[in-house]
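Colleague: Input: one structure, supplied below.
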Amino acid sequence: MRLPLLIALVSVSGCAGRYRTQFVGQGTAIIQPRTIALDAGPPLVNRPWAVGGGMQLPAGDYDLALAFEVPRAQLIEWTVTCPGVALNGTSGESFEQFRARRIVEIRAQRQRDRESAAAATNLVLGAVAPSVRVGDATVSGQVQVQAGIDSDPVILQPGDVGSGHLAASVHVTTTGDGVCAVTAAADDANVLGSYRVTRVRDLHAEAAQRDAQLRNVAFDARLQIKGRLLAGGASVEARTARLEMIAAERARVQAEANARAELVASQRARVQAEANARVQVRVDLEARARATAWQWRREYLGYLAGECHANPNRRQEQRVERARIARAQVDRVQLRLDMALRARAQLSFYMLQQGAIARPPMPALIAENQGPLPFDGARWTTGSWVWTAGRWDWHAGYWSDPDVFTAAGGPDVLVGGEVSDAGGFYDDPISNPPPGYGPPSPTVRDHRTQTIREGSRIRDHRTPSPTPAQPTWTSSSHPDATVRDHRTHDDSKQDDKKDDKAKDQGGGRFVREHR
């Protein structure tokens, strides 16, 4: 009983991992009638394997749970025999002990029943007891029933013989491998007995035992190797001397290392002390120089303020004045900006009252279909909105040839793009441009392209006759423009000078024609 309790306590304390239980098996106890056991003598009890039964177990610790089924009350004397262990014990009680205990229990129960009945009777009689009036007083009676002593003999019932289950627990530690058996002596031959065997393993003890075995094996192997070496001529004294030499060398190296460490520590302390001294001297010199400088500064300021009547706060006043001037400049700029915004707002309001229309925001760009590439090297110019005469005018995109120039020197427009949604002008900020409205489609000039191979074309710029190009600008289309003709001789230099003079005076627009 002690070992299971100990295992439970160890488990609660956090060391439950040390022990492990393992169910081994279940056996049948050998039950002998008491008369036969007495006639047979001790040798039969001490040698249960002589009559059969038992369980083969290896050496270790085991818990045996004994169980006996008895048809009536009786005393079971059991014996557990294992290698190196023999334990005896009893379970149950004799029939005389059972009978005396049962008579006491029955009489106690009868006494409790009589007391309960008397208490109930007193309650009933107290409630219905009569009361008598004598003069001015009322007299009431009280009846009390006393529970008597039971003098009747107690006779046990026919089935009340104390049959039932008896149990016992045993812990054994075997010293070797062998058979463990359980025998018992009972009054009746039909008593059934059994036992359950559970092995209790101490993992720490097993690990220690394994370590001890390994150490023993290693020690034996060392002895064997040492014997072989000695038999081969090895010397124990040489090994001892070598070990002593190695120990001395290690001690010497350790001493030198300690000496070097002490030397390095002393040098570090000296260097640190010198560095601290230098730092302290520098700090003292700087403090003295700072104090001297402040003293000279105070004396000089006193001289300037006293002898020269200088203003010691002039720099501060100058900084204040510069800050005031900067704020004034910012204020003036902000005032001009506010006045300009106010004037612009007033002018816009006046023009709106006079019937002007506010310029609407630029509409979104119109998606254009560029179409296929008209020729190799063509350049596409995207269309855009242009504000013209109070409305947004859409200039459609076009293809141009960067290698061909017009008479005025600009690129020649070849092919125009196609507007997918709308074209023309736009002066309504709400509605979309009317579809189909826009400038006429651009013309296409044929450069007499010959197809050499699929995907590659060659442009022929050879003209049939050297026809001079027409001027782009004329005086009829632009009355304010003056056209200078450079196809003149030396006698026209006077006219050129006039034209240059007019140009310098800003009159007219000059266009040079390179025909």
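Read-outs: derived from the displayed coordinates by stated rules, not from any lab. In this text the structure is predicted, and so the values were computed from the model without any measurement. All Cβ positions, even for glycine, are placed from backbone atoms using ideal geometry, and neighbour counts span all protein chains on display.
Colleague: Work out how much length Glu256 to Gln97 would gain on full extension: take 0.36 nm times their residue separation and subtract the Cα-Cα distance, in nm to one decimal. If you can, show how the numbers build up before the last one.
Modeller: Numbers: separation 159, 0.36 × 159 = 57.24 nm, distance 8.93 nm.
Result for the pair: 48.3 nm of gain on full extension.
Colleague: Further question on the same structure: To the nearest 20 debye, what is the magnitude of the charge dipole of region 263-329 about its Cα centre, counting +1 on the Cβ of each Lys and Arg and -1 on the Cβ of each Asp and Glu?
Modeller: So the magnitude is around 300 debye.
Colleague: Round to a whole angstrom and tell me the spacing of the C-alpha centers of region 359-400 and region 161-195.
Modeller: Centre-to-centre (Cα) distance: 114 Å.
Colleague: Among 229-237, 184-192, how do they line up from the highest to the lowest mean number of other beta-carbon atoms within 10 Å? Could you put the intermediate results ahead of the total?
Modeller: Values: 229-237: 9.2, 184-192: 17.9.
Descending packing order for the listed peptides: 184-192, 229-237.
Colleague: Between Leu335 and Gln353, what is 0.36 nm times their sequence separation minus the Cα-Cα distance? Round to one decimal in nm. Mind showing how you got there, number by number?
Modeller: Details: separation 18, 0.36 × 18 = 6.48 nm, distance 2.67 nm.
Contour length minus Cα-Cα distance gives 3.8 nm.
Colleague: Calculate the length of the line joining the C-alpha centroid of region 302-345 to that of region 231-281, in whole Å.
Modeller: 77 Å
Colleague: Another question, if that's okay. Compute the Rg/Rh shape ratio of region 60-130: radius of gyration over Kirkwood radius, all on alpha-carbon atoms.
Modeller: Working: Rg = 24.2 Å, Rh = 17.0 Å.
Radius of gyration over Kirkwood radius for region 60-130 works out to 1.42.
Colleague: While we're looking at this one, here's another question. If you count, for each residue, the other Cβ atoms within 10 Å and average over each peptide, how do 107-120, 88-101, 251-264 line up from highest to lowest?
Modeller: Numbers: 107-120: 12.4, 88-101: 15.0, 251-264: 10.0.
Per-residue mean Cβ counts within 10 Å order the peptides as 88-101, 107-120, 251-264.
Colleague: Separate question: Please list the non-local residues whose amide H lies under 5 Å from the amide H of Val24, H modeled 1.01 Å from N, same-chain partners needing a gap of 5 or more.
Modeller: Placed amide hydrogens put Val197, Thr198, Arg199 under 5 Å from Val24.
Colleague: Between Glu105 and Glu307, 0.36 nm times their residue separation minus their Cα-Cα distance comes to what?
Modeller: Working: separation 202, 0.36 × 202 = 72.72 nm, distance 12.98 nm.
Length gained, Glu105 through Glu307: 59.7 nm.
Colleague: Could you sort the peptides 296-309, 169-182 by per-residue average Cβ neighbour count (10 Å cutoff), highest mean leading? Before the final figure, lay out the partial values.
Modeller: Details: 296-309: 10.1, 169-182: 17.3.
Final packing ranking: 169-182, 296-309.
Colleague: Tell me the label-point distance for the pair Ala273, Asp188, using the 7 Å Cα-to-Cβ offset, in nm and rounded to one decimal.
Modeller: Label-label distance for Ala273 and Asp188, simple model: 10.3 nm.
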